[in-house]
Structures are given as structure tokens and as C-alpha cells.
Amino acid sequence: MRRRWLQTLLGVLIFALLLYKIDVREVLEAFKGVNLLYFGLAAAAYFCYDVLMAFRLHYLLSRLGARNSFKEAFFAHMGGMVASDVTPARSGYLLTPYFLKKDGSAGITEGLAAILAPQGFEFVMKVVGGFLGFLFFVSALDTNLLVPLSVAAVAFLMIGVLTLVILWTREGISSSLLSKIPVLRRFDEKYNRVKDLSLEIKSDLPVIFVIYMACWLLMGLQWFFLAKALDIDLSFVACFLLHPLITLLAFVPLTPAGFGIMEGGTAAVFHMLGINVGVALTFSLLVRINCIVVDAIGLKEVF
């Protein structure tokens, strides 16, 4: 609990430093000029993203033999999302299997398999997307920003590859790897069950890929509408590629959901693209607010 408070305090301090460096009046003026129609369209795009993610969860659970309804999967997913909005590295999403179990729609192991099996693939794809974004904006990016982005990208890639190796490879390889991690030795039996279930949905990788790409498009659309809400001149392609590049910073486990870190990264990247830094900071705040407003549907599950 003490560490959680320290992480929250660090996020607040980073954000306070941003406001100190930026004219607060510019941020307030930008907020006053927000186009609510575009903000609503952004929320609709993000809601569609949540629906797709819930459908994937429901689909994979069904493939594992769990008798869950789409409604149960949806609210469990939303509960996990609202928890991820306030936890370091968005780790709160791992509560989703507990929400599923509480509703009686799936066991913990089935829920973990349905989440972790595609998660490793997603992490790798996010690094690929971030790299494409870097290539697209390479002439505008400051080399000083490459350090935090590179650290986040390497961490993502390692986690993604490690997850895929553990869950989607022969037992001998993953068990040998698991045995080298002292804390995880105690969960050997549960791990083997999760692994068996994960291998059952390995053949669904094409479905996972299609849903991931559709979700990426929707997130790009959310950012495009939020840019329009602030009258920022960014194309859909730019928003589509900026999303994985910048959101890598949201998974840096120093503050809750990368608070302060992602806002600073967004302001820096947008400033390099010729956008007023106050407006850029406002955009990053709008992204967080937009997500939290929609994810708040999950409060029903949390409470």
C-alpha cells in the first residue's frame, strides 16, 4: 500500500512539474474550446474498442468450454479496464478473471488463459506499431525522447516474447524457464493448467490478430476525434501510428497507468510536430478522461 501511494505521489509530482513548465492558462483555454461532439465521437470509438475486447474474451472463454454470456464477459472486461486505469503498468486488468469467477461464468485459470494467451502477441504488435510510428515521425522526433520510448519498447518486447514462450511452446522449454523464477515455482500446478488452456486457443491466432487490428483502428479513431475536438491538425494515419508509440509510456510501472509520464511524452512528441505544448498536454488529459469516462461502466463490477 505504501508503494502504491508513493507511485501515485510520483505521478502527481511529474504532472505538477509539467504544469510548472507550461503556461496553465494555455491548458485552461484549450479545455474551454473542446468540441463536445468530437469528444463524444471519441468516447463512442473507445466504447466500440471495449465491446470488441469483451467479444474476444467471450469468444476465447467459449473456446475453452466456459459457459459465459457476452454480457458477463463485457462487465468483467470493463471492471478490469477501470482497475487498469489506476494501477501501475495497467496491471489491474488481471482482476478480470476474478470478476468472471465472481459472476460464475468462468474459473480463474480459464480467465487467465483467455487474457494472457493473446496478451503476449499484443505486446509484440504494440512494439511493431511503435516502431512504425517512429519511422513515420523520425525526422521530427528529438533523440532525447528515444531513451524512454526505447526502454518501454524493449520491456514490451521482452514481456511479449516471454509470455508467448511460456504459454505457446513445448512443456520442456517453458517449465525449465519457470523453474528459474523462485516466486513462480509455487504456482506450478496452476501454471500447467493455464498453459494447457492457452495451447487450446493457439489456433485462434488469426482471429486474435484481426480483432487486435480492428481495436488499433478504433483507438486511432479515438485519438483522431480528440485531435479534432481541440482543432489539432493531425491526419488519421498520424493518430493511428502515434497511439502505439506514445501509449508504450503508459505501461512504465513507475506511476498509476503511466500518469504524468504519458502526458509528458505526449506533450513532447506533439510539440516536436509543431503543436502548442499546452494544447498537447490538454490532448493527453482528454485521452485519459475519455477512457476513464467510458471505463467507468466497470465500476458496477468493482463495487
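Quick notes on this one:
- Filter result for the condition that a residue is free of Cβ contacts under 8 Å to residues at least 24 places away in the same chain, out of contact with any Lys or Arg (no Cβ under 7 Å at 6 or more places or on another chain) and surrounded by fewer than 21 Cβ atoms within 10 Å (Cβ to Cβ), over LEU52, LEU28: LEU28
- Among (1) at pLDDT 80 or above; (2) of a type in the set (S, T, N, Q); (3) closer than 30 Å to LYS101 by Cβ - the single one THR247 does not satisfy: (1)
- If you filter the stretch 54-104 down to residues that are assigned to a loop (DSSP other than H, G, I, E, B) and polar (S, T, N, Q), you find that the one that is modelled with the highest pLDDT is SER69.
The values are calculated or read from the model by the stated rules, or taken from the named source; none is laboratory data. The shown structure was predicted, so the numbers you read here are calculated from the model rather than taken from an experiment. Using ideal geometry, Cβ is built from the backbone for each residue, glycine included, and neighbour counts are taken over all protein chains shown.
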